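What follows is a set of notes on a single structure, which appears directly below.
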C-alpha cells in the first residue's frame with residue numbers, strides 16, 4: 001500500500017500518486033485540517049469560521065470559506081475532490097481508511113490489539129510497528145492550532161502514547177530485548193522522570209542477562225531523579241534496584257503497600273482438595289507471563305466460594321495485592337468491561353478524572369499498571385469470554401482467577417470445571433453444619449438428603465441450615481421434605497432445581513419478617529448492601545430479626561465490613577433471582593413504596609453526611625428538605641455517617657448511583673435530582689468527574705421541565721464541573737442559565753452561588769471587570785439572605801480580582817472580612833482558601849516570609865482535610881516562592897508533586913502553569929534539555945486551551961534558549 005493521500009500525524013501533507021501537493025495559504029490549510037480531523041463527518045460553517053477567525057469572523061466569512069474550498073478543489077487530487085462534498089451549512093470530506101493516515105493508524109492499531117488478544121504476538125507487533133510508523137511528528141505541527149481541534153488531537157495523541165506503551169509491553173512479552181531497550185531509552189529521553197519506564201528498562205536488561213547494564217540503568221535512574229527532583233526513587237523502583245544489585249533489607253528493599261479487596265473466606269470450607277491444590281499450583285507459576293484460570297460449573301457448585309478460598313491461600317504469592325470484582329454475569333444487567341476497568345484502576349490508585357473514556361484505553365492503562373507487578377485478580381460470576389477478555393493483564397507476573405457458569409474456550413485460560421461434590425466431601429460439609437455425631441447416627445437419611453440436593457454445595461448448605469434451625473426435625477424428615485419439594489417442582493434438572501428446591505423449602509418455613517427480607521433482596525441492587533438498608537426496604541425498625549434468620553438459613557452471607565465498620569450482606573445470584581420472582585407477586589403499590597423508602601433514606605443520610613463533610617461544597621441543594629432528618633433504621637446509623645461522611649459516601653458509592661437511576665426509572669425526577677445534587681460535593685472532593693457528569697445529565701435529561709430550584713442547582717453544578725475541565729464557554733452557559741432560573745424563582749442564595757461561578761469563569765479568562773461585577777452582585781445577595789458562609793466566599797472572590805490587578809491594598813479589607821467570616825462559621829476549608837489569597841497579598845507587598853507562613857498554614861489545613869487538589873495548588877505557590885528565593889531543590893520537588901496531581905485531576909490550566917515553572921527552574925539551573933521538555937509541554941497545553949497570550953510567553957522563553 002502506498003502512502004495515504006492525506007497526512008495529519010505530523011505536518012499537514014497531501015499526496016497525489018506519491019507526489020507531494022503543496023497547499024498554500026494559512027486559511028485553506030486550516031480549513032483542510034479541520035475537515036481531515038472529522039473525515040466522513042459533517043463540518044458546519046459555524047465551526048469552520050471559529051477555526052479560521054477565532055477572534056471574531058468578518059462579514060464576508062461565508063464567502064471567504066467558499067473561496068478557500070474552491071482553492072482546495074483546484075489543488076487536491078481528483079479522487080479527493082470527489083470526496084469533498086458541499087452540504088447545507090457546511091462541508092464533508094469523504095475518505096477511506098487508507099486515504100487518511102489518522103484513520104489508517106486507528107485501523108492498524110485495532111488490528112494489532114485484536115491479534116494480541118488472540119495470542120498472535122508476532123503479528124500484533126508488526127501491526128503496532130506499522131501503525132506507529134505513520135506518525136511523523138506532532139499532529140498538524142506546521143498549522144496554527146485551534147481550540148476546536150483540541151478534543152480530536154488530544155484523543156489521537158493519547159492513543160499514540162498508549163500504543164507505544166502497548167508495543168513496549170508486547171516486546172517484553174516476546175523477549176525482544178534489543179528493540180525494547182532502544183524504545184525505552186527513546187521514551188526516557190522524552191520523559192526522563194517516568195519511573196515506570198525506568199522499571200521496565202531495568203527489568204528488560206536484567207531479563208536479557210545484561211546485569212551490568214541493568215545495574216547501570218538503575219544507577220542512572222537514581223541519579224536523574226535525585227538531580228531533577230532532589231529525592232530518592234520510589235519504593236517500586238528501589239525494590240527493582242535491590243533485585244538487580246543483589247541486596248535486600250534496609251530502606252532500599254521497601255515495597256509499596258499492597259491492596260487486598262478479597263471478601264472473607266468461608267471458615268468452614270470443606271472438600272474440593274484436588275481442585276484447591278491444582279489451582280494453587282497453577283497460579284503460583286505466574287512469572288514472566290500472566291496465568292489465567294477459569295472455574296466453571298453449574299449453579300450452586302461453589303465456584304465463587306472456591307475462588308475466594310484459593311485466593312486467600314495464595315495471597316503471599318502476589319505481594320502487590322489482590323483485586324476482586326463481581327461481574328454480575330448472572331444478573332439482569334451484567335457489568336460492562338469499561339465500568340469494571342474503571343473500578344480496578346481506582347483500586348490501583350488511579351483517580352476518576354485520570355481514567356480514559358474508551359474501553360481500549362482503559363484496558364491499556366490497566367495492563368500498563370500491572371506490567372511490572374504481581375497482582376491476583378479475581379473476576380467472579382463472569383458472563384462470557386467477551387466480558388473477561390479486556391480485563392486480563394498483558395505481561396508480567398500477575399494471575400487471574402475467573403468464575404463463571406459458562407466454559408470460555410476462547411479465553412487464554414486454563415479450564416477448571418467444577419461439578420458436583422464428591423460424596424465424601426458433600427457428607428463432610430453436611431456434617432460440619434449439622435454436627436458430626438448426628439451425621440453418624442442418621443447416616444442413611446443423610447445420604448438421602450445429599451442425593452436430593454444433588455451434592456451441590458449451595459443446596460447442601462441450605463438444607464443443613466434448615467435442619468439446624470428445626471431442632472424437632474430428624475434428618476429423615478428433612479429428606480422427605482426435599483423429596484416432596486422436588487416432586488412438586490417437576491422434572492429434575494442439574495443445578496437450578498436443586499437450589500430452587502432448597503430455596504423454596506427454606507422460604508416456605510421462614511417467619512414473615514425473614515420472608516419479607518428475603519423478597520426485599522429482589523428489589524435491592526445486585527451488590528453487597530448494609531443491614532440498615534435491608535431494614536429500610538422492609539419497613540422494619542431494626543435490622544436484626546429478618547437478616548439474622550436469613551444468615552442462619554444460609555440464604556444470605558456476610559461478605560465484609562464497609563468504611564463505617566458495618567456488615568455488608570450479599571445474596572447468591574440464584575437466590576436473588578428467586579427473590580425477584582417473589583417480589584412480582586407482592587402488591588405493586590407496596591413494592592413502589594418500598595423502593596421510594598430506600599431512595600428517601602439514602603437522600604436523608606446523604607444530607608447528614610454533607611452537613612458533616614470536611615469541605616463545604618458551594619452548591620444549592622435541590623429544594624427544601626421535604627423528608628426531615630433520617631428516621632427508622634437510617635436514623636440508627638446517622639451518627640456513624642456524620643462521624644465518617646467521606647467513608648460512607650465511598651462505601652455506598654455504587655448504591656447511591658444505582659438509586660439515582662432507580663428514581664429516574666420510577667419517574668421521580670425530584671428524588672433523583674435531590675440525590676444527584678447531594679452527591680456533587682463528594683464527587684468534587686474525590687475527583688469523580690465522570691459520575692458527576694453522568695448523574696446530572698441523566699436527571700436533567702429526564703426532567704419534563706427545567707423550571708424549578710432542582711434544575712437550577714443541577715445546572716450550577718454542571719457549570720462548576722465544566723470550569724474544572726477548562727470548558728469555559730459551557731461553564732458560563734450553565735452558570736448563566738442557573739442564575740437566571742434562580743432569579744426568576746426568587747431564590748437569592750441560589751442566584752448568588754451561580755453568580756460566583758460565572759464570576760470565576762470571567763476571572764479565569766481575563767475579563768476582570770465582568771468578574772468583579774458578578775462577585776459584587778453575589779455578595780449583595782448573600783448578605784440579603786443572611787448567609788455568612790456565602791459572604792466569605794464572595795469577599796474572597798472580590799479580593800482575587802484586586803490581586804489579579806496587582807492592587808494588594810484594595811484586596812486587604814476584603815480578605816480580612818473573608819477570614820473573619822470563615823472562622824465565625826467554622827469553615828476551615830474556606831479559611832485555607834482565604835489564606836492562599838492572603839499569601840498573594842503579602843508577596844505583592846514584598847513580604848516573602850509572611851507569604852510562606854500563610855501558605856504553610858493553608859497547606860496544613862488542606863492536608864488535614866485530605867483535599868489533594870487544593871493542596872497541590874498551595875504546593876505550587878510555595879514552589880514559586882522557593883524558585884524566586886533561589887531554593888531550586890525544594891521548588892523542584894514541590895512542583896513535580898503538584899504537576900502529578902494536576903495531571904491526574906485533568907486541570908490543564910494548572911498543568912500548563914506548573915510545567916512552565918519547571919521549565920524556568922531547569923533553565924536557571926543549567927538543565928537545558930529538561931527545561932525545553934517542560935516548556936514544550938506547557939506551550940502545547942496553552943495552545944490546546946486557546947490562550948495565545950500565555951502560549952506566547954512560553955514560546956518567547958523557548959526562543960531565548962536557542
Q: For residues that are more than 18 Å from residue 615 (Cβ to Cβ) and in a helix (DSSP H, G or I), tally how many sit in region 670-708.
A: 18
Q | All positions within region 851-877 that are in contact with a helix residue (DSSP H, G or I) (Cβ under 7 Å, 6 or more places away or on another chain), more than 20 Å from residue 804 (Cβ to Cβ) and part of a helix (DSSP H, G or I) | A | 852, 857, 859, 861, 862, 863, 868, 869, 871, 872, 875
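Matching residues to (1) surrounded by fewer than 24 Cβ atoms within 10 Å (Cβ to Cβ); (2) over 25 Å from residue 50 (Cβ atoms):
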| residue | (1), (2) |
| --- | --- |
| 715 | no, no |
| 728 | yes, no |
| 736 | yes, no |
| 742 | no, yes |
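Residue 803 - would you say it is closer than 28 Å to residue 857 by Cβ, part of a helix (DSSP H, G or I) and over 35 Å from the mean Cα position of the chain (by Cα)?
So residue 803 passes the test.
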Q. What number of residues within region 556-615 satisfy the criterion of being assigned to a loop (DSSP other than H, G, I, E, B) and either within 20 Å of residue 644 (Cβ to Cβ) or touching a strand residue (DSSP E or B) at 6+ places or on another chain (Cβ under 6 Å) (or both)?
A. 10
**Q.** Residue that is nearest to residue 235 (Cα to Cα), among those in region 311-340 that are in a helix (DSSP H, G or I) and out of contact with any helix residue (DSSP H, G or I) (no Cβ under 7 Å at 6 or more places or on another chain)
**A.** 316
Q.
Here is a check on your reading of the model: is residue 410 part of a loop (DSSP other than H, G, I, E, B), more than 25 Å from residue 480 (Cβ to Cβ) and without any contact (Cβ under 8 Å) to a residue 40 or more places away in the chain?
A. yes
Q. Looking at 848, 792, which one is in contact with a helix residue (DSSP H, G or I) (Cβ under 7 Å, 6 or more places away or on another chain) and either surrounded by 20 or more Cβ atoms within 10 Å (Cβ to Cβ) or closer than 29 Å to residue 728 by Cβ (or both)?
A. 792
Q.
Quick check on residue 458: is it crowded, with 20+ Cβ neighbours inside 10 Å, under 47 Å from the mean Cα position of the chain (by Cα) and either free of Cβ contacts under 8 Å to residues at least 60 places away in the same chain or not in a helix (DSSP H, G or I) (or both)?
A. no
Q | Pick from region 496-539, criterion at pLDDT below 75 and closer than 17 Å to residue 569 by Cβ, ranking: surrounded by the most Cβ atoms within 10 Å (Cβ to Cβ) | A | 503
Q. Hey, any hits in region 776-786 for a residue that's in a helix (DSSP H, G or I) and closer than 23 Å to residue 946 by Cβ?
A. no
Q: Could you pull out every one of the helices (runs of 4 or more DSSP H) wholly within region 185-296 that has 2 or more residues that are in contact with a strand residue (DSSP E or B) (Cβ under 6 Å, 6 or more places away or on another chain) and either at pLDDT 75 or above or on the phi > 0 side of the Ramachandran plot (or both)?
A: 273-283
Q.
Looking at 754, 731, 711, 740 in this structure, which one is farther than 29 Å from residue 653 by Cα and part of a helix (DSSP H, G or I)?
A. 740
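The values are calculated or read from the model by the stated rules, or taken from the named source; none is laboratory data. Model, not experiment: these values are computed from the prediction. We place every Cβ from the backbone using ideal geometry, glycine too, and count neighbours over all the protein chains shown.
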